[in-house]
Amino acid sequence: MTELVTFGETMLRLSPPRGDRLETARELDVQAGGAESNVAVGAARLGADAAWISKLPDSPLGRRVVSELRSHGVRTGVAWTDPAESRVGTYYLEHGGKPRGTDVIYDRADSAITTVEPSELPTEVFESAAYFHTTGITPALAPATREATTTLLRAAGDAGVTRTFDLNYRSKLWEP
């Protein structure tokens, strides 16, 4: 039985070494990161059977995201798309020390998930799932992600799956 299914965008996070600035860094650390996949990773690391569903380009970067999630024990259900038509979103995280704070720069325009169609996603995972989790970030990305989020929330409810929704408001994505 799948205890948890999550849906959302996972991007590649590029970060300079702690204390370095993006504008002067010569190296960047690469990690996969996204609110919903982070929840799946946390649950899997605590022993839950967790799955993450989304859409990615069938490219080295898309496969990098899947590989990292799987390395944490998360099962993945990905709708693969032509890499010529979309991309993996990225974000840059610059850790700041006092008095300068941490800064985040998003680069997610035209990412694969912005074209997701509910029919592309493996909704059969709800047949054995206990929980479905998503956040307010995902429907804010594009009209397609808003439709897919609504459709998945309904499908999970119809399957008797307990749904959780983290508002996770992002002022860079939504107007108040």
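For first residues located in segment 155-171 and without any contact (Cβ under 8 Å) to a residue 60 or more places away in the chain and over 21 Å from Ala142 (Cα atoms), partners that are open to solvent by less than 60 Å² (accessible area, probe 1.4 Å) and outside any loop (DSSP other than H, G, I, E, B) and lie 6+ apart or on another chain with Cβ distances below 7 Å form the pairs Ala159/Phe126; Thr162/Ala130; Arg163/Phe132; Arg163/Leu153; Arg163/Ala156; Arg163/Gly157.
For the residues Ser59, Ser67, Ser15, Ser37, the requirement of being surrounded by fewer than 16 Cβ atoms within 10 Å (Cβ to Cβ), at pLDDT 95 or above and of a type outside the set (Lys, Arg) singles out Ser67. Number of residues in segment 109-160 that are open to solvent by 20 Å² or more (accessible area, probe 1.4 Å), part of a helix (DSSP H, G or I) and hydroxyl-bearing (Ser, Thr, Tyr): the value is 7.
Considering only residues that are among the acidic types (Asp, Glu), under 15 Å from the mean Cα position of the chain (by Cα) and more than 24 Å from Ala140 (Cα to Cα), which ones fall in segment 34-82? Show your work before the answer.
At the first step, the residues of segment 34-82 found to be among the acidic types (Asp, Glu) are 36, 49, 58, 68, 82.
Filter once more, so that each one left must be under 15 Å from the mean Cα position of the chain (by Cα): 36, 68.
Glu68 - this is the single residue of segment 34-82 that is among the acidic types (Asp, Glu), under 15 Å from the mean Cα position of the chain (by Cα) and more than 24 Å from Ala140 (Cα to Cα).
Just so you know, in segment 87-100 the residues that are part of a loop (DSSP other than H, G, I, E, B) and modelled with pLDDT under 95 include one that is least open to solvent (accessible area, probe 1.4 Å), and it is Gly96. Anything in segment 120-175 that is among the aliphatic types (A, V, I, L, M) and over 17 Å from Asp110 (Cα atoms)? List them, or say none. Those that are among the aliphatic types (A, V, I, L, M) and over 17 Å from Asp110 (Cα atoms): Leu121, Val125, Ala129, Ala130, Leu152, Leu153, Ala155, Ala156, Ala159, Val161, Leu167. State whether one or more residues within segment 163-174 are at pLDDT 95 or above, closer than 23 Å to Asp49 by Cβ and touching a helix residue (DSSP H, G or I) at 6+ places or on another chain (Cβ under 6 Å). Checking segment 163-174: at least one residue is at pLDDT 95 or above, closer than 23 Å to Asp49 by Cβ and touching a helix residue (DSSP H, G or I) at 6+ places or on another chain (Cβ under 6 Å).
The residues in segment 1-32 that are assigned to a strand (DSSP E or B) and either touching a Gly at 6+ places or on another chain (Cβ under 6 Å) or in contact (Cβ under 8 Å) with a residue 60 or more places away in the chain (or both) can be counted, and the count is 11.
The values are calculated or read from the model by the stated rules, or taken from the named source; none is laboratory data. Source: prediction; values computed, not measured. Cβ: placed from backbone, ideal geometry, glycine included. Neighbour counts: every protein chain shown. All accessible areas refer to the heavy atoms of the entire protein, side chains included, with ligands and DNA or RNA removed. Shrake-Rupley method; radii C 1.70, N 1.55, O 1.52, S 1.80 Å.
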